[in-house]
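Heads up, the thing below is written out as structure tokens.
The values are calculated or read from the model by the stated rules, or taken from the named source; none is laboratory data. What you see is a predicted model, and the numbers here were worked out from it, not measured in a lab. Glycine gets a Cβ as well: all are built from the backbone with ideal geometry, and neighbour counts include every protein chain shown.
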Amino acid sequence: MIFNFMHKGDQISSWSSASKYGTAIYTVDYGDGSILSGHMLESYHPEKDGSIKDINGKVWTSPDKESIKTGLDVTQKSFKLQMSVLKDLRSKLTASGGGLSSGEKIYLDSAQALAIVSTASAEFDLAMINVMKVYQDGIRKQEELWQKTLDKARSMGSLLESWEINEALESTGFTHENIVAFPVGQYQNKISKVQAMSEQFKSLENEIKGKISELVARDSELAQQLKG
């Protein structure tokens, strides 16, 4: 999963509506009126668990529930706006008193379908953030459990050969297959299913966009109406 981290007060994002979104890592006020901003890669310090540590030592992880809720609210507002635009367009196309042509009807239906699918796709991605994090944390914890137990066994059995230590662990069922390979395989399988569902949404979006583009390309009258 890819998350966007944004410096609050960033000179680039503050010039656009992007300043309203994203996750603010930090703001550094030097006291002389200047604020740390821009895109300085050295200010980001990725940790092994996927979190990011800022220059003040604060650790930032994946978006919390409140951030996800905010994302869902933005998505719903965007959907309502798209529906409002389509409603206005339908009124414009029928303003002359006549009905909709076949091209106009197909366009409106397709645009509405695209809005619904795009919204569902965005909401699915937001909902899956925490699910993916659970799976990824599970993989990390299994690997940590294996390594910590192995290190502890080696420190306790310093007079034993490596094969003797491994044999003792295996006798209790503590094998790499049982502790890491099998559960990690299950987690990876679940992650693959989530990614496949997300790809299906994207594929459907692209298919609808393609059909809309084809329709507008061959219906010059409709294209002119949309421009006007």
Worksheet item: Which one of these is closer than 30 Å to LEU72 by Cα, of a type in the set (A, V, I, L, M, F, W, C) and in a helix (DSSP H, G or I): ILE165, ILE179, ILE116?
Response: ILE116
Worksheet item: Mind checking which pairs have a first residue in segment 183-211 that is surrounded by 10 or more Cβ atoms within 10 Å (Cβ to Cβ) and a second that is of a type in the set (Val, Ile, Thr), Cβ under 7 Å, 6 or more apart or different chains?
Response: VAL184/ILE139; TYR187/ILE139; VAL194/VAL131; PHE201/VAL117; LEU204/VAL117; GLU205/VAL117; ILE208/VAL117
Item to complete: For MET128, work out the one condition from (1) surrounded by 15 or more Cβ atoms within 10 Å (Cβ to Cβ); (2) modelled with pLDDT of 85 or more it doesn't fulfil.
Response: (2)
Discussion item. Looking only at segment 217-226, how many residues end up being buried (at least 16 other Cβ atoms within 10 Å of the Cβ) and either in a helix (DSSP H, G or I) or among the polar types (S, T, N, Q) (or both)?
Written reply: 2
